[in-house]
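Inspection log for the structure reproduced underneath, given as structure tokens.
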């Protein structure tokens, strides 16, 4: 049987299933119980015909292969001709020297934080080998080793080995944040059920104590705000709630500050955004408002009518006392009539002047 081994390959010669020697590039002919296994030189040596240990124990192994042993709890980074090739886990590994020079960096995963490996290499390894933690601007992270808080991180990108130590992380936003409670149901003092939308701004003051005592603070803070809403608004009637809405925000702020003492947060502002009434209550309120507006409109209408009548009365008195003014008023109305009259018919039975005089009321009564 003829076998060709190319320049980018190496061969293993077997006789009767037993490893005999390593073959370089060339053309080979085998007879009988001899066989050749061809392997690529740019991959890790993983023979099918015999254990790797058999190859490493051969006389040719020192010249043809480079080996490395990785212990349990270690991770090895493999470099070929200075270029990163991949990560190796626990076990014995071998590579062909024909590929080039090989280098290895072995790391103990019991010390999980990585400080001397380029992020580009670590990013290419993926989640199987490393845990990546990205802390955004304005935030701080607490890293725990096997559940115990062990390290505090500022803004940046960090990597940890996956291995002997389990890594977990909590990121705390140190910027001012908004707490929103929407549709909170409240039963007022006069037994009216309504819904309230509430908002507050807050920030963390001591994230280390929060990490030790609470883990995360969002849910405890949300619960404190809910209780403050129910207790404070539940002591007011619906009319008081609607009338004192602006002042209630300041009262709620003080109430929430009292309830968050010891939670290591600062409440900066608080207020009610919306008060949503039940459908039947809203309809009644709208009816009352409409009635009030109609009453106000009627008052204004009557006031204007009285003013108009008083003006007419004053005008009538002036014209009754002053004949010249009355005459001017008559002429004014005649002028208006003439402006809207298209034609005038003259009766031939009487003179034109007498008819005009009669129209303008020239005759004295």
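The values are calculated or read from the model by the stated rules, or taken from the named source; none is laboratory data. All values derive from a computational prediction rather than experimental measurement. A quick note on method: Cβ atoms are made from the backbone with ideal geometry, for glycine too, and the neighbour counts reach across all protein chains shown.
Quick check: is even one residue across the range 9-23 assigned to a loop (DSSP other than H, G, I, E, B) and either at negative phi or crowded, with 16+ Cβ neighbours inside 10 Å (or both)? Checked the range 9-23: no residue is assigned to a loop (DSSP other than H, G, I, E, B) and either at negative phi or crowded, with 16+ Cβ neighbours inside 10 Å (or both).
Screening residue 271 on (1) at pLDDT 85 or above; (2) loosely packed, with under 10 Cβ neighbours inside 10 Å shows it passes everything except condition (2). Quick check: is even one residue across the range 9-25 within 24 Å of residue 163 (Cβ to Cβ) and not assigned by TED's automatic domain parsing to the domain that holds residue 166? No: zero hits. The residues on offer are 233, 227, 194, and the sole one that is over 30 Å from residue 158 (Cα atoms) and either assigned by TED's automatic domain parsing to the domain that holds residue 150 or in contact (Cβ under 8 Å) with a residue 60 or more places away in the chain (or both) is 194.
One line per residue, one yes/no per condition, for (1) within 25 Å of residue 148 (Cβ to Cβ); (2) under 23 Å from the mean Cα position of the chain (by Cα):
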| residue | (1), (2) |
| --- | --- |
| 204 | yes, yes |
| 213 | yes, no |
| 225 | no, yes |
| 237 | no, no |
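The requirement of being over 23 Å from residue 17 (Cα atoms) and under 31 Å from the mean Cα position of the chain (by Cα) is fulfilled somewhere in the range 97-117, by at least one residue. Taken over the range 163-180, the residue count meeting the criterion of being in contact (Cβ under 8 Å) with a residue 40 or more places away in the chain, surrounded by fewer than 17 Cβ atoms within 10 Å (Cβ to Cβ) and under 25 Å from residue 129 (Cα atoms) is 2.
When residues in the range 26-41 are screened for being closer than 22 Å to residue 65 by Cα and not in a loop (DSSP other than H, G, I, E, B), 9 of them pass.
Residue count for the range 78-114 satisfying the condition of being touching a helix residue (DSSP H, G or I) at 6+ places or on another chain (Cβ under 7 Å) and either outside the structural domain of residue 43 (by TED's automatic domain parsing) or in a strand (DSSP E or B) (or both): 7.
Applying the selection to the range 57-82, what residues are surrounded by fewer than 16 Cβ atoms within 10 Å (Cβ to Cβ) and under 14 Å from residue 19 (Cβ atoms)? Selection gives 57, 59, 60.
Taken together, 193, 156, 123, 183 contain a single residue that is modelled with pLDDT of 90 or more, in contact with a strand residue (DSSP E or B) (Cβ under 8 Å, 6 or more places away or on another chain) and exposed (fewer than 13 other Cβ atoms within 10 Å of the Cβ), which is 156. When you look at residue 212, is it assigned to a helix (DSSP H, G or I) and exposed (fewer than 13 other Cβ atoms within 10 Å of the Cβ), yes or no? Yes, satisfied.
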